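I have placed the structure first, in the form of structure tokens, so that the comments after it can refer back to it.
The values are calculated or read from the model by the stated rules, or taken from the named source; none is laboratory data. Nothing here was measured: the structure is a model prediction, and the numbers come from that model. Because the Cβ atoms are built from the backbone with ideal geometry, glycine has one as well, and the counts that use them run over all protein chains shown. Just so you know, the surface numbers come from the protein's heavy atoms only, side chains and all, with ligands and any DNA or RNA stripped out. Shrake-Rupley method; radii C 1.70, N 1.55, O 1.52, S 1.80 Å.
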Amino acid sequence: YIAMFLFMLITGNFRRYLKGFLFLTLFTLLFTSPLIYWNFTHDMATFKYLLVRGAPAGGFTLKFFGELLASQVGLIGILSVALMLPALTAVLKKREWSLDYAYTTLTWACLLPFFLLSIKSRVEANWPAFAFLPAFFLASGYLSRLENPLRGRITTAVLCLGVITALIGHILAANPILPEKMNPLRKSMGYKELAQKVHEIYNKTPDKDLLFLSSRHYQTASLLSFYTPGQPEYYILLTHESNKNYRFWKGYKNFKDGATLFVYSEPWETWDMEKFFASRVSTEQVTVETPPYGVKRFCIDYFKGLK
């Protein structure tokens, strides 16, 4: 939306297309209204999260900026980036009301905030992905204008690299051979079975009106919330998870004097939880098979008397 505003402002066509821009404003508000409503009903979680991630303590650094550049080249492909750069700069030399200039404005307006953020904080590699969509159109147009032999060689190289990347992605999805730290797919294995076990224990636990589900890490909370039948919310009570979304979901405060089923994988995780409750009633160990990588072990604590 901001990129379109800048495009119209720079090209001097704002007044001419003011009516169309007002329609764009109306539809922007319409399509973002579910997000706004969700935030009002969830303690403005998105905005608080962005403030925490976007304004960390500490000075400026080029470390994260370099990481962002390298990650984008790795994800988009070095040949694709090599085509995008001249395409994105060539159009800027001539300010005009054209589709190519609109694509350029859209790309730069969406990318620059991430690069500015990266001089203070780490930007995850996938965050700017949407910004490259118009750049792909520009790059393909730039490629079509190159001399025939060069165009054919570059096209073949780009397509081959793309196919290889897609094949690697599919192989890792079907057979996650990388270590768990390098492969989030492998890290998520076993949670579907664990969620079913949590659901069974929950149904056997008394006083369900005062019972909520919880975990230590936001990854565990999100995976279990997705796989547990009915998709209930999992809460995180620990305040030092301060840069994660779930800390802002304070719904557990409605369970005063209540109980929780706390799901975790490391023994030390439960020590942090003891201070929130009057007593721990029981602990149940759960073993989940994740062939061909062996088993994962989890524990489910039943705490009572939320302080």
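The rows are residues; the columns are (1) farther than 19 Å from residue 42 by Cβ; (2) modelled with pLDDT under 85; (3) open to solvent by less than 50 Å² (accessible area, probe 1.4 Å).
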position: 226; (1), (2), (3): no, no, no
position: 231; (1), (2), (3): no, no, no
position: 240; (1), (2), (3): yes, yes, no
position: 254; (1), (2), (3): no, yes, no
position: 257; (1), (2), (3): yes, no, no
position: 261; (1), (2), (3): yes, no, yes
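Here is a list: 194, 143. Which entry is in contact with a Phe, Trp or Tyr (Cβ under 6 Å, 6 or more places away or on another chain) and in contact (Cβ under 8 Å) with a residue 60 or more places away in the chain? Full working, then the answer.
Details: 143 fails: in contact with a Phe, Trp or Tyr (Cβ under 6 Å, 6 or more places away or on another chain).
Criteria check complete, one pass: 194.
Identify all residues within region 110-122 that are open to solvent by less than 30 Å² (accessible area, probe 1.4 Å) and under 29 Å from residue 159 (Cα atoms); write none if there are none.
Here is the first cut: in region 110-122, the residues open to solvent by less than 30 Å² (accessible area, probe 1.4 Å) are 111, 118, 121.
Within region 110-122, just 111 meets the criteria.
Taking region 124-140 as the search range and keeping residues that are in a loop (DSSP other than H, G, I, E, B) and farther than 19 Å from residue 79 by Cβ, which one is least open to solvent (accessible area, probe 1.4 Å)?
Among them, the one singled out is 124.
Quick check: is even one residue across region 182-192 part of a helix (DSSP H, G or I), of a type in the set (Gly, Ala, Ser) and open to solvent by less than 20 Å² (accessible area, probe 1.4 Å)? Walk me through it before giving the result.
The initial filter retains those residues of region 182-192 that are part of a helix (DSSP H, G or I), namely 182, 184-187, 191-192.
The next check asks that each one be of a type in the set (Gly, Ala, Ser); those that pass are none.
There is no residue in region 182-192 that is part of a helix (DSSP H, G or I), of a type in the set (Gly, Ala, Ser) and open to solvent by less than 20 Å² (accessible area, probe 1.4 Å).
For region 14-105, which helices (runs of 4 or more DSSP H) that fit wholly inside it have 2 or more residues that are out of contact with any strand residue (DSSP E or B) (no Cβ under 6 Å at 6 or more places or on another chain), open to solvent by 70 Å² or more (accessible area, probe 1.4 Å) and more than 27 Å from residue 233 (Cα to Cα)? Break it down into steps so the answer makes sense when it comes.
Details: elements: 18-41, 45-54, 63-76, 78-90.
Filter on region 14-105 gives 18-41, 63-76, 78-90.
Return the pair list, or none, for Cβ contacts closer than 9 Å from residues in region 122-136 that are touching a residue at least 24 places away in the same chain (Cβ under 8 Å) and charged (D, E, K, R) to residues that are open to solvent by 60 Å² or more (accessible area, probe 1.4 Å) and part of a helix (DSSP H, G or I), at least 6 apart or on different chains.
122/63; 122/67
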